[in-house]
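Encoded as structure tokens, the structure appears first; notes follow it.
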Amino acid sequence: MKRTLRKDAGFSLVEMLVATFIFAMVSASAVAILSGFESSRIRLQDASSQLAALDRARAIMRADFFAAHNRPVRDEFGDTIAAFESGIQMPEGALLRLVRGGNPAAALFGNMSALQRIDYMLAGETLYRRIYDRTDIVTAADFIDQELVSGVQSVSLRYAADGIWVEEWGTLVNSSDLPRLAEVSIIFRSGQEVKMMFLVGTKA
């Protein structure tokens, strides 16, 4: 009896190429989806961190503004300058200087003043809060820098007194008093702008 050998029923070259192409397309789509998911997760994490930092900064600024104290400051030459000062007359990078009460260390150490001098500064893309160990301006004064928020493009401030808003404070016109309100506008590198309003001192 004569037997006929059947041909091997394997995949042809064309079928293999088509299968490989489909597999490559599916793999590329999966990688793109995973990459997009990871990028979204990182962006969400960054946004959450920035929001948390902004909330902390808002709480710190609210406390500083509300505890603002109209205690004049003496400079290195013994001249008296405003307790609350902001505007183009400030040194480069400095946004605001104020004197505030309620120094928590004063309750622990009896020889420390309850008043603190605070500077708000923009260095690069970071908003800092500088805390001095004494209210008067002297060369030997120690300070601590506290980072508030990063990724900042610009910061602008304005102040209200008797219903009038001004962008500077501490000039000869209003150096003897505190504003009633302070508005802080922060524009981030992402283009997002945040505006915050604060009551200032006991007059608020």
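The values are calculated or read from the model by the stated rules, or taken from the named source; none is laboratory data. Quick caveat, the model's predicted, so the values are computed rather than measured. Glycine gets a Cβ as well: all are built from the backbone with ideal geometry, and neighbour counts include every protein chain shown.
Do you know which residues across the range 47-79 are among the acidic types (Asp, Glu), free of Cβ contacts under 8 Å to residues at least 24 places away in the same chain and outside any loop (DSSP other than H, G, I, E, B)?
Taking the range 47-79 as the starting set, the residues that turn out to be among the acidic types (Asp, Glu) are 55, 64, 75-76, 79.
Next cut, free of Cβ contacts under 8 Å to residues at least 24 places away in the same chain only: 55, 79.
If the condition is that a residue be among the acidic types (Asp, Glu), free of Cβ contacts under 8 Å to residues at least 24 places away in the same chain and outside any loop (DSSP other than H, G, I, E, B), then ASP55 is the only one that fits.
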With the requirement that a residue be at pLDDT 90 or above and over 13 Å from the mean Cα position of the chain (by Cα), what does the range 112-143 give you? ARG117, ILE118, ASP119, ARG130, ILE131
Being in a strand (DSSP E or B), touching a residue at least 12 places away in the same chain (Cβ under 8 Å) and out of contact with any Phe, Trp or Tyr (no Cβ under 7 Å at 6 or more places or on another chain) is the filter here; which residues of the range 185-201 pass it? SER185, ILE186, ILE187, PHE188, VAL194, LYS195, MET196, MET197
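Return yes or no: is GLY10 at pLDDT below 65 and loosely packed, with under 11 Cβ neighbours inside 10 Å?
Working: at pLDDT below 65: yes; loosely packed, with under 11 Cβ neighbours inside 10 Å: yes.
The answer is yes for GLY10.
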What number of residues within the range 77-106 are under 25 Å from VAL152 (Cα atoms), modelled with pLDDT of 80 or more and of a type outside the set (D, E, K, R)? 12
